[in-house]
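Every number here is computed from the coordinates shown, using simple stated rules; none is lab data. No experiment lies behind these values; they were computed from the predicted model shown. Methodologically, a virtual Cβ is constructed for each residue, glycine included, from the backbone with ideal geometry; neighbour enumeration extends over all protein chains shown.
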Amino acid sequence: MKTQYYTATSLDGFIATEDDSLDWLFPLGDGQQSSYEEFIAEVGALAMGSTTYEWVLRNTDMVSAEMGTAWPYTQPAWIFSSRDLPVVDGGDIRFARGDVRAAHAEMRSAAGTKNIWIVGGGDLAGQFFDAGLLDEIIVQVGAASLGSGKPLFPRRVLHPSLQLTSVQRMGSHMVELRYDVVK
């Protein structure tokens, strides 16, 4: 079992624009060339920050068109938020506040032998890293530069904390990098 941060970023290290848009990403990727299907098959629980969750809420029509349902995950999801948020119908959604360690223990139990996916955002992944709970970072880098926005991983991480384990080309606009977090 691993706790993994699986995400996409621009060349200049942003996962979303300043107004939380992901529109820059969709023209770059092709699901058929992505590792997503293999990745999600091994996920038993997921963690999501409130900004990422609210993006799903704002884009339910697009998510439904792409995935066939407003909530695209069958796994239990922990939403980290200090605010009360609505629940998406059809999802096993649980809300968490504060230190990620308590929720991580619940997520491990729910995931069984499968992995835990830190969906986003970057600061939430950083909190798991800070707590010594993050095992792997899988980042798909797109051929776009945003200039500013929401950072991929707003932490100072210096050698030897990350070890590159693989590089995979995904079409002509994306590359996937996998890093183990050295503990």
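Here the contact order of region 1-81, divided by its residue count and restricted to Cα pairs under 8 Å and six or more residues apart, works out to 27 percent. Once the Cβ-Cβ distance of SER109 and LEU22 is raised to the sixth power relative to R0 = 30 Å, the FRET efficiency obtained is 0.45.
Since only GLN32, ALA16, LEU57 are under comparison, the one whose Cα sits farthest along the positive direction of the charge dipole of region 3-181, derived from C-beta charges on Lys, Arg, Asp and Glu, is ALA16.
Once R0 is set to 25 Å, what does the formula 1/(1 + (r/R0)^6) return for the Cβ-Cβ distance between ARG97 and THR74, expressed as a FRET efficiency to the nearest 0.05? Walk me through the numbers before you get to the answer.
Working: r = 24 Å, r/R0 = 0.98.
Given R0 = 25 Å and the Cβ-Cβ separation, E is 0.55.
Helical runs assigned H by DSSP (4 residues or longer) give the chain a calculated mean residue ellipticity at 222 nm of -6500 deg cm²/dmol, each run adding -39500 (n - 2.57) before division by the residue total. Extension gain for ILE40 to ASP89 (0.36 nm times residue separation, less C-alpha to C-alpha distance): 15.6 nm. Taking the Cα centre of the chain as origin and assigning +1 to Lys and Arg Cβ atoms and -1 to Asp and Glu Cβ atoms, the resulting dipole is close to 600 debye. When the trypsin sites (Lys or Arg not before Pro) in region 72-165 are filtered for DSSP coil states and for at most 11 other beta-carbon atoms within 10 Å of their beta-carbon, the remaining sites are ARG83, ARG97, ARG156. Computed over the chain, the quotient of the alpha carbon radius of gyration and 2.2 N^0.38 Å is 0.98.
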